[in-house]
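Worksheet for the structure shown next.
Derivation of every value follows stated rules applied to the coordinates shown; laboratory data play no part. Since the model is a prediction, treat every value here as computed from it, not as a measurement. Ideal geometry is used to build each Cβ from the backbone, glycine not excepted, and the neighbour counts take in all protein chains shown.
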Amino acid sequence: MEFTANTAEQAAPDPVRSAVYYDGKSSRKRTVVLAFGDKLVISGEGLPSESWDYADIRRADGAPGVLRVSCLSASPLARLEIRDATLAADLESRCARLGDNSLDGRSIARIVGWSLAAAASIVLVILFAIPLAADRLTPLVPASFERRLGDAADAQMKAVFGGHACKAEAGQAALVKLVDALRKSSGLDLAVEPAVLDTPIPNAFALPGGKVYLLKGLLAKADDPDEIAGVLAHELGHLAHRDSVREVIYNGGTSFLVGLLFGDVTGSSTLIFASRSLVTATYSREAEQNADSFAIEVMQRLGRSPKPMGELLFRVTGKEGDNPLSILASHPLTEDRLKRMSELDRQAAGPPLLTRTEWTELKSICGPVSKT
Amino acid sequence: MNQMSFVAGQPPGVPPAPVAFSGNRGRFLSLASRGAALELVTFGFYRFWLVTDIRRHLWSHTLVDGDAPEYTGRGRELLVGFLFAMAILVPIYLVYFVIGIEAERFKAFASVPLVIGFYAFGQFAIYRARRYRLTRTVWRGVRFWMDGSGWAYAWRSMLWGLLVLVTLGGAYAWREAALERYKMHHSHYGDLQGSFEGRGWELFKRTWGLWLFGPVAWIIFPLLPIFYAEFKAREWRWWLCGIRFGDVRLESKLPNTALYGLYWKVIGWFLLFDLVIGAYVALCVFLLKGSGPMEAAMQALPKNIPFMVLLVIGYLAFILAFNVVMRLYFQRDLWARVASSTKVHAIESAENVTAKGEAASALGEGFADGLDVAGF
């Protein structure tokens, strides 16, 4: 140990009572003598004598074999270092609150407790507060912003699916006629732009602002205009209820809170989450049920049965109830939807929504259909 | 100042002071394992206390000229910093979202460049987090501290980053030198000002071969850890040898091969854990698969809830175990090897430094955590 000039010049202190002291004002290493009285008295050459209250002395991190302490009432960085084990034990026995700074079992239990409370509150917020906030905020979002959301999602959609909308004129006219009939019957006051996308996936979705996309895969599986009409009416239901905006608010809030829990709150993942919800239209089951109600009402007002739509969905998905994970599904089970629509089945009272020719034109909107 | 005159009177050729690491590996392992388990129980909130514990362990077992520095930061400070950072980041995310929508409307995926804004923010966070750690480091009763501006640093980092991109990595060494100069120039120990004397050209000379043949390692991928370990060792040595505080300077004799073992061992553990998890999954399949034809039984498994629960448990155990291994090798062992290779010259000139500087807030660490750029 190189105890420099000071040490050498001092009258050799009692080795048992000597320690190293840093006053917190400079990095100068001083050898001091400790005296245990009412208080701990630290004295050294050229040093105003310091006295530390035992109750104020706290352990600071030190290397193994060194007791390093600080004092609450002294300079915050003043440190006393004791290398002699007996002297260290002597001081330790006098300082009752030496370990108050350290993380003991109780403070860890407190951290665990608060974390669980925080986690529970986040879960409750996700389950109850965010859906409520989404419902309340959705009417406040201006329609122009909703249209912008839709345009942004549309650009991504086109990029993902190759952007190919089927253009056959007669087919498009039939589609517009069908959607217009549904829109008028529902009283939806919104310019709807329907299109068929050339992709084999059997699905349909509505983008905020009024774009309704029917994917060719679903059209190919349909045998009857009423089947497609039901699906389109369902999508109009989403538009009427502004489910996309609600979903964006809900997903954004949820993924932010989940990120808060696990520390991964990067903007990118929140954005990915929110925009994915736009594109794939993973509406919640409640929203789906409401859209179904909307579709049923529209079809009935037109004097048509809602049952064909249920049949088309069943044809696409098959029976879903065998899956015990179905509680995680975003849609109601197809068989339940079919059951609900079958119960409301009745003889068609209104005129067909499309003529036979128009239906054929719609079916071949993406080019001639190969009969299977 | 008789101390100074005494030092000045010393004969030239005072031996440099050694840096030693005296930490017990088992202690660190149990600290990291316990921390990982608590992180699981607390849904990740324990991370603030775990990084604090790790830093306290590493700091207090590193003996510089016989005396260990002290890490005075606390987990609670990090938690508060994180919450404040969140309060600031949330409105920024919202603005980012709205601008992103506008950009996407203009062209699909046009919002991707906005990520650059977050990269800049990350650089700012790195600077401020370093400031927090430095001001929580106390040696011989005097704290280290830092001034300078996080945004000035982020700006420099972005411009240099662009140059590195344009030169396909060739400018990396100069970027490191420039950024380190900025950081060290604004670092202080009491009234001793830091500086950095490492030159970009020096680092380039030591690493150009690895840069040039780097693409080969991407093809023959078992070479990758070797290249990386070699590169890291050279870079560490260059960095340490460039550090100055007043007249105090560091020197490192870290061998080029010093870090090979770390990377191989982590890869080894990773493969071992893979085998274990593979066997575990196979066991779960064997025990829980239904009777009947093989194919149908396998198809029914994803719908078997006990099986899925067992899979999630296995996955979490794997992640936790691997986290412990990463911390043990890439934090503790790396620290121990680098520290023990270091010597401090002219430490006498730091023997009577006047205390200066204040502790900085943990906001920077909060940003770094929120943006996922956290370092040590």
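Between A:ALA170 and B:LEU162, the distance separating the two model label sites (each 7 Å from Cα on the Cα→Cβ line) works out to 5.8 nm. FRET efficiency for the B:TRP155 to B:VAL80 pair, using the beta carbon distance and R₀ = 30 Å, is estimated at 0.60. Per-residue shielding of A:108-117, expressed as the average number of other chain Cβ atoms within 10 Å of the residue Cβ, stands at 4. Taking the Cα of B:LEU223, stepping 7 Å toward and past its beta carbon, and measuring to each backbone N in the range B:163-177: which are under 17 Å? Counting backbone N atoms under 17 Å from the label point, the list is empty. Hydrodynamic radius of chain B by the Kirkwood approach over all distinct alpha-carbon pairs: 23.9 Å.
Within the same chain, lysines fewer than 8 places from B:LYS356 are excluded, and of the rest, those with a Cα less than 27 Å from its Cα are A:LYS25, A:LYS29, B:LYS183, B:LYS343. Here the dipole of the protein assembly as shown is about 820 debye; that uses its Cα centre as origin and unit charges on the Cβ of Lys and Arg (positive) and Asp and Glu (negative).
Across every pair of non-identical alpha carbons in the range A:5-94, the mean reciprocal distance, once inverted, gives a Kirkwood radius of 13.2 Å.
Diffusion coefficient (Stokes-Einstein, Kirkwood radius over C-alpha pairs, 25 °C, 0.890 mPa s) for the range B:127-182: 194 µm²/s, rounded to a whole number. With a Förster radius of 25 Å applied to the C-beta separation of A:SER121 and B:VAL312, the computed FRET efficiency comes to 0.60. Computed from Cα atoms alone, the Kirkwood hydrodynamic radius reported for the range A:178-239 is 11.6 Å. Ordering A:123-135, A:186-198, A:213-225 by mean Cβ neighbour count within 10 Å, with the highest value first, yields A:213-225, A:186-198, A:123-135. Each 10 Å bin from 0 upward holds the following percent of the Cα-Cα pairs of the range B:39-160: 11, 29, 31, 20, 7, 2, 0. Under 5 Å from the amide H of A:ASN101 lie the amide H atoms of A:ARG59, each residue being 5 or more positions distant or on a separate chain, with H modelled from the backbone and absent for Pro and chain starts. Put in line by how crowded their Cβ is, counting other Cβ atoms within 10 Å and starting with the fewest, B:HIS186, A:HIS241 read A:HIS241, B:HIS186. Stretching the chain fully between A:ASP56 and A:ALA195 yields a gain of 42.4 nm (0.36 nm per residue, less the alpha carbon separation). Taking other Cβ atoms within 10 Å as a rough exposure proxy, B:MET184, B:MET326 sort from fewest to most as B:MET326, B:MET184.
Using θ = phi - 60° in the Karplus curve 6.51 cos²θ - 1.76 cosθ + 1.60, the 3J(HN,Hα) couplings for the range B:27-42 round to 4, 5, 4, 5, 4, 5, 5, 4, x, 5, 5, 5, 4, 5, 5, 9 Hz; x is entered for Gly and Pro. Given a Förster radius of 25 Å and the C-beta distance between B:ALA120 and A:VAL141 as r, what FRET efficiency does 1/(1 + (r/R0)^6) yield to the nearest 0.05? Using R0 = 25 Å, I get an efficiency of 0.25.
Calculated translational diffusion coefficient of the protein assembly as shown (37 °C, 0.692 mPa s; Stokes-Einstein with Kirkwood radius over alpha-carbon pairs) equals 105 µm²/s. Backbone geometry of the range A:172-181 corresponds, through the Karplus equation with coefficients 6.51, -1.76 and 1.60 at θ = phi - 60°, to 3J(HN,Hα) couplings of 4, 4, 5, 4, 5, 4, 4, 5, 5, 4 Hz, x marking Gly and Pro.
Legend note: in the protein assembly as shown, cysteines whose Cβ sits 4.7 Å or more from every other cysteine Cβ are A:CYS71, A:CYS95, B:CYS241, B:CYS284. Ranked by the mean number of other Cβ atoms within 10 Å per residue, highest first, peptides B:272-283, A:91-102 order as A:91-102, B:272-283.
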